Amino acid sequence: MGLEAMLTEWVESSLKELFEVEVNPKMIQIQKTRREFDGDFTLVVFPFLKMSKKSPEQTGEMIGTLLCEKADFLSGFNVVKGFLNLEVADGWWVNWLNDLSEPQDRLPAPGSGETKMVEYSSPNTNKPLHLGHIRNILLGYSVSELLKANGHKVIKTQIINDKGIHICKSMLAWQKFGNGETPQSSGLKGDKLVGKYYVEFDKRYKQEVKERTSAAKEAHSQLAEIEDLGAWIKEQGKLSKEEGYSDEAKQLFAEARQLVERAEKEAPLMLETQEMLRKWEAKDPEVVELWKTMNGWVYDGFDQTYNRLKVDFDQLYYESDTYIFGKKKVLEGLEKGIFYQKEDGSIWCDLTQEGLDHKLLLRSDGTSVYMTQDIGTALMRIEDVPELSQLIYTVGNEQDYHFQVLFMILGKLGYEWAQNCYHLSYGMVDLPSGKMKSREGTVVDADDLMEEMYLKAKETTLELGKLDNLSEEGQEELFNQIGLAALKYFILKVDPKRRMMFNPEESVQINGNTGPFIQYGYARTQAIKRRAEQENLVPGTLSELDPSETALIRQLYFFEEVIREAGDQYSPAVVANYVYDLVKLYNVFYHACPFFNEENDAKKAFRINLSEKTGQTIGFCLNLLGIGAPERM
């Protein structure tokens, strides 16, 4: 029985003895004592004031005194206003640690929970993975591991967005300007080569729009003076909405926007791209062959990135398959009157009764949109894995509305499981240099970032020394482990919902709230373990602990609660911050309590055991975060 349950029973019996009342256990609120106060657990006294007819302080004193008289696992208490802080006896902590099993054995049995599918990464095949993808991937992978730790069966998956107008942009640009360039001839990873032509398309397209806009505005005397109409519209973006502008000024702005929008729609490259998309959906052999070739380049590049990042997937889905299934379901919904069709042939869903708007599902030319694909993907997944209890989508918070609509539409189609779908929404990643833009080629490439982290880890580690016992191969593995830990931990320690700024310099530091700091704590426990193996230690009985030992054991005690909380909140940050605090407490213990210079054999054995149990927990937490745990640093 855990301490919380034991305390609840003792509080219940104490209240009955003191006030002669039967108390509903739900009234008994027990929580961890806040760090600024002495104690291990805190009882909220306020619910019992009507029974005691005394002040919160007096009520707390009465309950605390009786508890410490009756319960031998308590050693003392203090009262702060309406809160009774209880201290657990050292002897109880000693016995608890001696009986402590390994972390995985303290958690629900694998597969004892539900079956869940977690989608993450889900890239477009028109560009390489970047820093934004990395946060998505690390978050989805770690949440998958957390759900497994809570007993669930988890299927890790991604939907590869391998069709659509954005894919055709890269294809058309390569076809027109590539001169047959391949990954082999250029020496570029396949995803980077395709991304190069996505950027090239945008550059050429913008030039076409500018030229057509310039030609169109020559006949407009008031707009002819403006050099870059697109930039001017962006700068004056609020012109038509704000008060204080004349009707003439607003009209001028509207006319300028119409000129630009017409130029964007009628630019030859855009028209050719739209035609290529229509041909692809009509299965034109030449277009499909080009699509297969270029996507193949991208998949090879993605695999290299995933392997270095040390993440994987159990199942893959492709938009080129799921959109067909989605279109079928949309047409079925139209026949049943769930959706409606406009005069131009496009199909829509009316969500105004749900407080939203009308959502396009199929364009007038019959081509699909993202929503079509996502409907098909969800239904295919349920067909493939009928026992699924939940679909979890790891996608940035700019898509919050999209998933709200998706779940509503699935519900309208009659699928009750849609109410269990969950959008694991997260904030964007910024850099000290500002936001990233894929079309303009200003993103931070995932491969380049991992290489940079490796080099920073190598530089920092070599400066610290202590690598004499490692082979060259072992050193390289260590540099990679530390570099990935710096990257992963820095991202995962932040609550997923928060926007964050990634600082490579800060992330790789050996001190502070960083991945390398956690790894170093783990390596320190392994050094103690290796030396202890040479000793003949016999566990003894202790009745008194150093405060640093008590604090460390208490942190270990809350491990299971932390894993449950992290799983319930879909938040690796809960584990990251827990293990950071654990390592900080271990370092205090390490410096305060001698190990091998301790003359008392019972104390020596106990401390080595405490160090080993702490190392097991640190290593387990690192694994949940997808971070390697080096034996030496």
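Filter segment 159-192 down to residues that are in contact (Cβ under 8 Å) with a residue 60 or more places away in the chain and in contact with a strand residue (DSSP E or B) (Cβ under 6 Å, 6 or more places away or on another chain) and give me whichever is surrounded by the fewest Cβ atoms within 10 Å (Cβ to Cβ).
161
Of 365, 357, which residue is of a type in the set (D, E, K, R) and either in contact with a Ser or Thr (Cβ under 9 Å, 6 or more places away or on another chain) or closer than 27 Å to residue 569 by Cβ (or both)?
It is 365.
Kindly establish whether residue 599 is assigned to a loop (DSSP other than H, G, I, E, B) and open to solvent by 20 Å² or more (accessible area, probe 1.4 Å).
In short, yes.
Going through segment 258-299 one residue at a time, which ones are among the polar types (S, T, N, Q), in contact with a Ser or Thr (Cβ under 8 Å, 6 or more places away or on another chain) and free of Cβ contacts under 8 Å to residues at least 60 places away in the same chain?
Matches in segment 258-299: none.
Tell me, please, whether a residue that is farther than 24 Å from residue 393 by Cβ and either at pLDDT below 95 or not β-branched (Val, Ile, Thr) (or both) can be found in segment 157-168.
Looking for residues that are farther than 24 Å from residue 393 by Cβ and either at pLDDT below 95 or not β-branched (Val, Ile, Thr) (or both), one finds at least one in segment 157-168, hence yes.
Of all helices (runs of 4 or more DSSP H) completely enclosed by segment 252-341, which ones contain at least 2 residues that are farther than 30 Å from residue 211 by Cβ?
285-309, 319-335
With the condition kept exactly as written, say whether any residue in segment 350-368 is of a type in the set (Val, Ile, Thr) and under 30 Å from residue 114 (Cα atoms).
No, segment 350-368 has no match at all.
Please determine whether any residue of segment 324-341 is farther than 21 Å from residue 420 by Cα, at pLDDT 95 or above and of a type in the set (Gly, Ala, Ser).
yes
Quick one: residue 545 ticks every box in (1) in contact with a Gly (Cβ under 6 Å, 6 or more places away or on another chain); (2) under 16 Å from residue 96 (Cβ atoms) bar one, so which box is it?
(1)
Considering only residues that are within 29 Å of the chain's Cα centre (by Cα) and basic (Lys, Arg), look in segment 57-116 and name the one that is surrounded by the fewest Cβ atoms within 10 Å (Cβ to Cβ).
Ranking the qualifying residues of segment 57-116, first place goes to 106.
Taking only segment 299-335 into account, find how many residues are among the hydrophobic types (A, V, I, L, M, F, W, C) and surrounded by fewer than 17 Cβ atoms within 10 Å (Cβ to Cβ).
Within segment 299-335, residues that are among the hydrophobic types (A, V, I, L, M, F, W, C) and surrounded by fewer than 17 Cβ atoms within 10 Å (Cβ to Cβ) number 3.
Go through the residues of segment 22-42 one by one and say whether even a single one is assigned to a strand (DSSP E or B), of a type outside the set (Val, Ile, Thr) and at pLDDT below 95.
Yes, segment 22-42 contains a residue that is assigned to a strand (DSSP E or B), of a type outside the set (Val, Ile, Thr) and at pLDDT below 95.
Being surrounded by fewer than 16 Cβ atoms within 10 Å (Cβ to Cβ) and over 19 Å from residue 522 (Cα atoms) is the filter; apply it to segment 566-595 and report the residue that is nearest to the chain's Cα centre (by Cα).
Out of the qualifying residues, it is 569.
For segment 444-470, enumerate the residues that are open to solvent by less than 70 Å² (accessible area, probe 1.4 Å) and either assigned to a loop (DSSP other than H, G, I, E, B) or farther than 28 Å from residue 429 by Cβ (or both).
Of everything in segment 444-470, those that are open to solvent by less than 70 Å² (accessible area, probe 1.4 Å) and either assigned to a loop (DSSP other than H, G, I, E, B) or farther than 28 Å from residue 429 by Cβ (or both) turn out to be 444, 465, 467, 470.
List every residue pair whose Cβ atoms lie under 8 Å apart, where the two residues are 6 or more positions apart in sequence or sit on different chains, the first residue falls within segment 354-378 and is in contact (Cβ under 8 Å) with a residue 12 or more places away in the chain and closer than 17 Å to residue 408 by Cβ, and the second residue, located anywhere, is open to solvent by less than 10 Å² (accessible area, probe 1.4 Å) and of a type in the set (D, E, K, R).
So the pair list comes out as 373/319; 377/319.
Please work out which residue is modelled with the lowest pLDDT, limiting yourself to segment 233-251 and to residues that are open to solvent by 50 Å² or more (accessible area, probe 1.4 Å) and assigned to a helix (DSSP H, G or I).
Once the filter is applied, the top-ranked residue is 235.
In segment 133-185, what residues are of a type in the set (Lys, Arg) and closer than 29 Å to residue 288 by Cα?
Residues satisfying the conditions are 156, 163, 169, 176.
Taking segment 47-56 only, how many residues are farther than 14 Å from residue 11 by Cβ, assigned to a helix (DSSP H, G or I) and open to solvent by less than 80 Å² (accessible area, probe 1.4 Å)?
Residues flagged as farther than 14 Å from residue 11 by Cβ, assigned to a helix (DSSP H, G or I) and open to solvent by less than 80 Å² (accessible area, probe 1.4 Å) within segment 47-56 amount to 2.
The values are calculated or read from the model by the stated rules, or taken from the named source; none is laboratory data. These figures come from a predicted structure and were not determined experimentally. Counting neighbours? That spans all protein chains shown, and the Cβs are built from the backbone with ideal geometry, glycine included. Heavy atoms of the whole protein, side chains included, go into the accessibility calculation; ligands, DNA and RNA do not. Shrake-Rupley method; radii C 1.70, N 1.55, O 1.52, S 1.80 Å.
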